[in-house]
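**Q** Have a look at this one.
The values are calculated or read from the model by the stated rules, or taken from the named source; none is laboratory data. No experiment lies behind these values; they were computed from the predicted model shown. Heads up, the Cβs are rebuilt from the backbone with ideal geometry, glycines too, and the neighbour counts pull from every protein chain shown. Note: accessible area is taken over every heavy atom of the protein model, side chains too, but ligands, DNA and RNA are not part of it. Shrake-Rupley method; radii C 1.70, N 1.55, O 1.52, S 1.80 Å.
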Amino acid sequence: MQVWHFSEMAYHPAWEELGNSLRNVVPSRVYDPVVGADLYHRYLDEWALCDELGINIMVNEHHTTATCATSVCTIPMAILARETKKVRLLCLGMPIANRMDAVRVAEEYAMLDVISRGRVEMGFVKGAPFEVSPANSNPATLMERFWEAHDLILKALTTHDGPFNWEGEHFQYRQVNVWPRPYQTPHPPVWMTVASPGSAEAVGKKGYVIASLNTGYARTPTIFDAYRKGAEAGGHKPTKDRFGYLALVGVGETEEEGRRRAHQILDYSRTTPRAAAQFWFPPGYTANEVTAQRLQNPGPLKIPLRDGGEFTMQTGSVDEFVNAGIAFAGTPDTVFEQIKDFNDHVGGIGHLLMMGQGGHLSHDDTVANLTLFSREVLPRLREL
Amino acid sequence: METIDLAGVQLDLDVQGSGPPMLYLHPEHYAHLHAPFVDRLAERWTLYAPRHPGFDGRTPPSDFRRVDDLAYLYLDLLDHLGLESVALLGASFGGWIALEMAVRSSARLKALGLIAPLGVKFGGRSARGFTDLSALPEADAAHCLFAGPTPDHAIFSDAEMIAVARDRQYLAYYAWKPYLHNPALARWLHRVAAPVHLLWGAQDGYADPALGGALAERMPAARLEILPGAGHYPQIERPDDTLAALAAGPCATVAPNSGD
C-alpha cells in the first residue's frame, strides 16, 4: 500500500467568525494575507517533509472558501516539483469541467511532469457541487464537458507530431500543440475521484485509479465492486493499485494523543458541510430524484456507521468517524489494525490518501503525526 | 396531449379550447401551478401548448441546446399546424423564446403577449439582468418570484417535486451562461413587427419591471402593463387580472385564420 499526505491548506483562523457558511459567499476581508502567507509556507514545509519520510504528496483545490486556501492546485504542485526529489505528486484534482481552457490544463500537467522528472499523478475530478457557482460552469452539462476535456487533454499530451484540430461541443482549438511533452510515457497516470457506484463503473471501464473519499465501511465496498465490474467490461485488470481511499489519520505515542490529533484533523470533515444549502444542489448536477428529495427534506449531512445507524457529519466524534471507517486514530498499533481491517473489508486498497493535517492541528503536531506514522505504520502497510 | 415529431424532436403538444389560435410557451417553473391559467386561456382561444424539450422528461437531441433551437422548433410548429394570425403568448423563459421567434419572423403572428420575459439584458457588465436565484437560500429565491405566499414544497407530490428539479435542470441547460439572456437579442428587437403586450407583476424580484419599460421602448408597437399584487408569475398569483388584461389587449383582437 502506498500512502499520500493530503492537506487542504485551510485558512482556519476565519472559521469562527464565518460561522455556518464557509464557502462561496464569504468576504475575503476576513482573510489576513500576512497570516495566510505563514500558513502557506507552513503547509508547504509539511509536504516537503514527506519527501524525507517516504510519504507521497496529494494536493487538491477549492474556491472561495476558508476551508481550503489552495485555489490553484498546480501552484503547490509546481513548488513541490522542485522542492522534493523522490516522492510522487498527486493532484486530485483538477476540476476539468470547471476549467474553461483544457489545453492550458495539459500544458500545466506536462510542465509539472517534466520539472518533477516524471513524478506527477494526474487527477481529473468532477468537483464538489458548491464549486459550480465560483466557476459559473453549467451544471446541467457538467459531465459531458468533463469527458470532452478528458479526451482533449489526453490527446494533447500524447500527440507529438504537430498541431491537431479540436472543434467539440465545449472546447474549440484549431492548432493544439502542447509543449513540453510530458516526462512520462505515454502520459502521467490518471486518477479520478468517485462518489457512487455509477461513476466508479465508468472509471473502471477506463482502467484509471479511483479515489473514494471518506465513503467508509458502508459505502466503499459497493463502489469498489462497481469499479471491478467496469474494469472487467473495459478489459482492464482491477489490481489493488487501482484503488485509493481517503481517510483522516491521527497517530500518537498514546491513544489519547493519536485521538486528539484525529479530533483536530476532523474539523476538516466537520467544516466541509458548512456551505449554504443553495450551493449543494446546482440544477442538473445531481439526479433529479435526489435533488427533489433534498429540496423537500433539507437536513444535515449524515454518515452511516459500520454496524447500522448514522451520525451528523458536522458534529461527529472521533469514535463515530472511526467506527464509520473515515478516520483512523490512536497509537501506531491501533491505527495499523484499523487500516488493515478496513483494507480487508473493501477487498484491498493500493493507496491510502491520508489527511495528516487538518483543522487547527499545529505544525509541530503535524510533523509529529507524519513522522510517527512514517516510522511505525508505513513499513507495515507496505506488506498489505 | 399528443406527441408529434418535428425536425427530429419529439414534442408534447396540448391542444384545447376554441376560438382564435394562440400558441402558449410555458415559463421555467411550476408547470402544475400553471394548469388552471392554461385551462382558462382555452376558454377564449384555441390553445396550442407545447412542453419544451427537456422539460418534458426526454433528453433533447445533442445538437438541440440553445434557445435559438426552441425558437426554430416553434416556428416550425406554426408551419406544421398551418396557423395564421396567431397570438403568441410566452411567460418568462417562454417569453424569451417568443421574442427569439418574433425577431426571426413575425409573418404568422397577429400579436405577441409577453409576461415578464427573460432573454434580454440591458445595463453594464456589473449590473445583474436577472436575480441569481441559485445563489440565494431557497426561501429568499421564492420570495423573488412571488409577491404573496410562496409554493409549499412540503405538499408537492414526488412527481411534482422531481419536475421542480428537472425544470431547473433544463433552464440551466438552455440558459446558464450567458445567464438567462442572449446578448445579441436586444439589437434586433425592432424587427418585432406584431403588436406587443407586455405584462409584468409589480413586485417581480426576478426580472425587474423596469426591464419591461426598456423592452417596450425597443419594439415598434409595444405597451407595458404593470399588474399590482403579483411577482414574476402574475398568471399564478393574479390569474383574473392577467386574463382580463390579455382579453383587453392585442392578443384578443385576433380574428381566426384571418390571414391578415
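**Q** With the cut-off at 36 Å, report for chain A the share of all Cα pairs above it, as a whole percent. Walk me through the numbers before you get to the answer.
**A** Values: 13502 of 73536 pairs.
Roughly 18 percent, rounded to a whole number.
**Q** Another question, then. What average number of partner chain Cβ atoms lie no more than 10 Å from the Cβ of the residues making up B:55-66? All intermediate terms of the calculation are to be shown ahead of the outcome.
**A** On the way: counts 0, 0, 1, 0, 0, 0, 0, 2, 1, 0, 5, 0.
Mean shielding by partner chains, rounded to a whole number: 1.
**Q** Please figure out what share of the DSSP beta bridges in chain A is antiparallel and state it in percent, rounded to the nearest 5.
**A** Details: 7 of 42 bridges.
If we restrict to bridges inside chain A, about 15 percent are antiparallel.
**Q** Something else now. Pick from B:S106, B:S85, B:S157: which is most flexible by mean-square fluctuation in a GNM of chain B where alpha carbon atoms under 10 Å apart are linked?
**A** Looking only at B:S106, B:S85, B:S157, the largest GNM fluctuation is found for B:S157.
**Q** Now for a separate question. Given 10 Å bins starting at zero, what is the percent of C-alpha pairs of segment B:2-253 in each, up to the one with the largest pair distance?
**A** It works out to 7, 34, 40, 18, 1, in whole percents.
**Q** Okay, next question. Extending each Cα 7 Å along its Cβ direction at B:A193 and B:S157, get the distance between those two points in nm, one decimal.
**A** Using points 7 Å along Cα→Cβ, the separation is 4.5 nm.
**Q** Here's another thing I want to ask about it. Where in segment A:291-384 are there GluC sites (Glu not before Pro) that are in a DSSP coil and have at most 10 other Cβ atoms within 10 angstrom of their Cβ? Walk me through the numbers on the way to the answer.
**A** Values: sites: A:E310, A:E320, A:E337, A:E376, A:E383; in loops: A:E383.
Listed in order of number, the matching sites are A:E383.
**Q** To the nearest 10 square angstrom, how much accessible area does A:Y183 have with a 1.4 angstrom probe?
**A** So the heavy atoms of A:Y183 present about 120 Å² to solvent.
**Q** Based on the Cα atoms of the protein assembly as shown, what semi-axes does the equivalent ellipsoid have, where each is the square root of 5 times one gyration tensor eigenvalue, given in whole Å with the largest first?
**A** Values: eigenvalues 563, 134, 99 Å².
Square roots of five times the eigenvalues give 53, 26, 22 Å.
**Q** Loop only per DSSP, at most 14 neighbouring Cβ atoms within 10 Å: give me the GluC sites (Glu not before Pro) in segment A:135-221, ordered by residue number. Please list the in-between numbers first.
**A** Working: sites: A:E144, A:E148, A:E167, A:E169, A:E201; in loops: A:E169.
In loop regions of segment A:135-221 (DSSP not H, G, I, E or B), the sparsely surrounded GluC sites (Glu not before Pro) are A:E169.
**Q** Shifting gears a bit: Hey, which of these cross-link pairs are over 28 Å Cα-Cα: A:K206/B:K177; A:K302/B:K177; A:K155/A:K205? Numbers along the way, then the final one.
**A** On the way: A:K206/B:K177 31 Å; A:K302/B:K177 33 Å; A:K155/A:K205 18 Å.
Over 28 Å Cα-Cα: A:K206/B:K177; A:K302/B:K177.
**Q** Let me ask another. Need one number: buried accessible surface between chains A and B, 1.4 Å probe, both sides summed, DNA, RNA and ligands left out, in Å² to 100. Don't jump to the answer; show the numbers that get you there.
**A** Details: alone 16330 and 11100 Å², together 25610 Å².
Approximately 1800 Å², summed over both chains.
**Q** For chain A, what is the relative contact order in percent, using Cα pairs closer than 8 Å and at least 6 residues apart in sequence? Before the final figure, lay out the partial values.
**A** Values: 766 pairs, mean separation 74.0, N = 384.
After rounding, I find 19 percent.
**Q** For chain B, what is the mean residue ellipticity at 222 nm derived from helices alone (per DSSP H run of n ≥ 4: -39500 (n - 2.57); sum divided by total residues; nearest 500 deg cm²/dmol)? Please list the in-between numbers first.
**A** Working: 8 runs with 87 residues, N = 260.
Here the helix-only value at 222 nm equals -10000 deg cm²/dmol.
**Q** Can you figure out the FRET efficiency of A:L384 with A:F164, using R₀ = 60 Å and their beta-carbon distance, to the nearest 0.05?
**A** 0.90
**Q** Give the long-range amide H neighbours of A:E310: residues separated by 5 or more places, or on another chain, with amide H under 5 Å away, using H modelled in the peptide plane at 1.01 Å from N.
**A** Amide H neighbours of A:E310: A:L305.
**Q** Give me the accessible area of B:T150, 1.4 Å probe, in Å² rounded to the nearest 10.
**A** That residue has around 50 Å² of solvent-accessible surface.
**Q** Between A:Q296 and A:D333, how many nm apart are label points set 7 Å from Cα along the C-beta direction?
**A** 5.2 nm
**Q** Let me ask another. Averaged across the residues of A:128-135, what count of C-beta atoms belonging to other chains lies within 10 Å of each residue's C-beta?
**A** Average neighbour count from other chains, rounded to a whole number: 1.
**Q** While we're here: For Cα pairs less than 8 Å apart in space and 6+ apart in sequence, what is the mean separation divided by the residue count of chain B, i.e. the relative contact order in percent? Write out the running numbers ahead of the final one.
**A** Numbers: 503 pairs, mean separation 57.4, N = 260.
RCO, chain B: 22 percent.
**Q** Could you check what % of the DSSP bridge pairs in segment B:2-253 are antiparallel, to the nearest 5? Can you show the working numbers first?
**A** Values: 10 of 34 bridges.
Taking every DSSP beta bridge with both residues in segment B:2-253, the antiparallel ones total about 30 percent.
**Q** Moving to a separate point now. Averaged over peptide B:126-137, how many Cβ atoms belonging to another chain are found within 10 Å of each residue's Cβ? Write out the running numbers ahead of the final one.
**A** Values: counts 0, 0, 0, 0, 0, 0, 3, 2, 8, 6, 3, 3.
Per residue, the number of nearby Cβ atoms from other chains is 2 on average.
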